[in-house]
Amino acid sequence: MTTANIQSPKVRKHYDVVFPIVNTIILIVLMFVTLYPVINTVAYSFNDGTDALKAGIGLWPRVFSVQSYKSILSDPAVYQAAWISASKTVIITILNLFWTSMLAYTLTRKEYVLRKLITTMMVLTMYVNAGLIPNYLLITKTLHLQKSYWVYIIPTMFSCFNMVVLRTYIAGLPEALVESARIDGAGDIRIFWQIIFPLCKPVLATVALFVAVGSWNSWFDTHLYNASKVNLHSLQYLLKMKLATTQASSNAAQSSAEALASSAAAKTTPVTIRCAITVISTVPILVVYPFLQKYFVTGMVLGSVKG
């Protein structure tokens, strides 16, 4: 036992040195595995299209070219589509957080006798989905939202899943906070905006990111309802159509020497166009994410109630 007691500090010291080294190596490997596809995509997007057909590009462009970006950004419609996507993303995120958080707070109040019934009905909608056709008929035949900007906003102002997430988080907050506010004469609206809402920053930031990413990446709604309205095309839909056009031109180039020469002169291929589209679509989310990341920390309520 004496020998074990003497050796244990040495063994512990050995582990204290080895573990950080092994942990660092593993994290570096995971970081490289995660970042490599992203960097490789960026490298392809800045590579000459004809040269990219040879493949074998790693972390740096083999023949540097910005022709793929010029091909995309030279179209004035891209900027109109970017404005549509950005504006609807901001509006949808704000409205979704507003309506969803207020309903989530309401359904956590014990004095609201219908809270269980309404919660059950909303959760059932997550399991029983009518499908695309009834949804399409509702938006086009009943609400008449097709060929309008509102088709992006109204159907996405509320999310049942986000409501459940917010409701669960709010239900975990100390009830003493609400009770003390009621003793001071605060009403439900004041309690929600001055007490509950600030404490929900972590979950609100998470939900906001989910909603914003989903809205920014959506293109199928444009395809269904606004395909004929050029001024209402979203950025994702426009880039998808541009990629399809490039792919069609490439297919035609394979059977036509003149088209092949034209494609080579343009120095763009579906591969480089696709990578450039990926970079353009991802950059706005990468810019927004660091501002929300700091709120991805739970436990903000710890210490708010004493005694």
Selection count, the stretch 119-164, where residues are of a type in the set (Ser, Thr, Tyr) and in contact with a Cys (Cβ under 7 Å, 6 or more places away or on another chain) = 1
task = Name the single residue, out of those in the stretch 99-111 being surrounded by 13 or more Cβ atoms within 10 Å (Cβ to Cβ) and out of contact with any Asp or Glu (no Cβ under 9 Å at 6 or more places or on another chain), that is nearest to residue 176 (Cα to Cα).
result = 108
message = What's the number of the only condition in (1) in a loop (DSSP other than H, G, I, E, B); (2) among the aliphatic types (A, V, I, L, M); (3) under 26 Å from the mean Cα position of the chain (by Cα) that residue 186 fails to meet?
response = (3)
inquiry  = Quick test for you: out of 305, 287, 301, pick the one residue that is assigned to a loop (DSSP other than H, G, I, E, B), modelled with pLDDT under 90 and exposed (fewer than 13 other Cβ atoms within 10 Å of the Cβ).
reply    = 305
ask   = Does the stretch 243-265 contain at least one residue that is under 30 Å from residue 202 (Cβ atoms) and either modelled with pLDDT of 65 or more or in contact with a Pro (Cβ under 7 Å, 6 or more places away or on another chain) (or both)?
value = no
ask   = Which of the following residues is within 30 Å of residue 215 (Cα to Cα), touching a residue at least 40 places away in the same chain (Cβ under 8 Å) and touching a His at 6+ places or on another chain (Cβ under 6 Å): 81, 77?
value = 81
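Within the stretch 132-154, how many residues turn out to be closer than 30 Å to residue 108 by Cα and free of Cβ contacts under 8 Å to residues at least 40 places away in the same chain?
Selection size over the stretch 132-154: 2.
Among the residues of the stretch 125-139, are any crowded, with 16+ Cβ neighbours inside 10 Å and either at pLDDT 90 or above or closer than 30 Å to residue 291 by Cα (or both)?
yes
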query = Counting only residues that are modelled with pLDDT of 90 or more and either over 22 Å from the mean Cα position of the chain (by Cα) or surrounded by fewer than 15 Cβ atoms within 10 Å (Cβ to Cβ) (or both), how many does the stretch 198-223 have?
reply = 1
Of residues in the stretch 221-249 being assigned to a helix (DSSP H, G or I) and hydroxyl-bearing (Ser, Thr, Tyr), the one farthest from residue 268 (Cα to Cα) = 225
message = Could you list, ordered by first residue, the pairs with Cβ atoms under 9 Å in which the first is in the stretch 223-245 and free of Cβ contacts under 8 Å to residues at least 12 places away in the same chain and the second is part of a helix (DSSP H, G or I), at least 6 apart or interchain?
response = 227/237
inquiry  = Go through the stretch 53-87 and report how many residues are within 27 Å of residue 234 (Cβ to Cβ) and out of contact with any Lys or Arg (no Cβ under 6 Å at 6 or more places or on another chain).
reply    = 21
request  = Give the stretch 145-159 a look and list any residue that's surrounded by fewer than 16 Cβ atoms within 10 Å (Cβ to Cβ) and either farther than 18 Å from residue 233 by Cα or of a type in the set (A, V, I, L, M, F, W, C) (or both), or say none.
outcome  = 150, 154, 157, 158
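Where in the stretch 74-151 are there helices (runs of 4 or more DSSP H), lying wholly inside it, with at least 3 residues that are among the polar types (S, T, N, Q) and under 24 Å from residue 231 (Cβ atoms)?
76-106
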query = Quick check: is even one residue across the stretch 24-31 surrounded by 10 or more Cβ atoms within 10 Å (Cβ to Cβ) and either acidic (Asp, Glu) or closer than 20 Å to residue 282 by Cα (or both)?
reply = yes
query = Out of all the residues in the stretch 33-53, which are surrounded by 15 or more Cβ atoms within 10 Å (Cβ to Cβ) and part of a helix (DSSP H, G or I)?
reply = 40, 41, 42, 43, 44, 45, 49, 50, 51, 52
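Quick check on residue 88: is it at pLDDT 90 or above and surrounded by 11 or more Cβ atoms within 10 Å (Cβ to Cβ)?
Values: at pLDDT 90 or above: yes; surrounded by 11 or more Cβ atoms within 10 Å (Cβ to Cβ): yes.
Answer is yes for this residue.
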query = Has the stretch 48-60 got any residue that is touching a strand residue (DSSP E or B) at 6+ places or on another chain (Cβ under 7 Å) and over 25 Å from residue 177 (Cα atoms)?
reply = yes
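The values are calculated or read from the model by the stated rules, or taken from the named source; none is laboratory data. Predicted model, so just to flag it, every value in this text is computed and none were measured. Here Cβ is always computed from backbone atoms with ideal geometry, including for glycine, and neighbour counts include all displayed protein chains.
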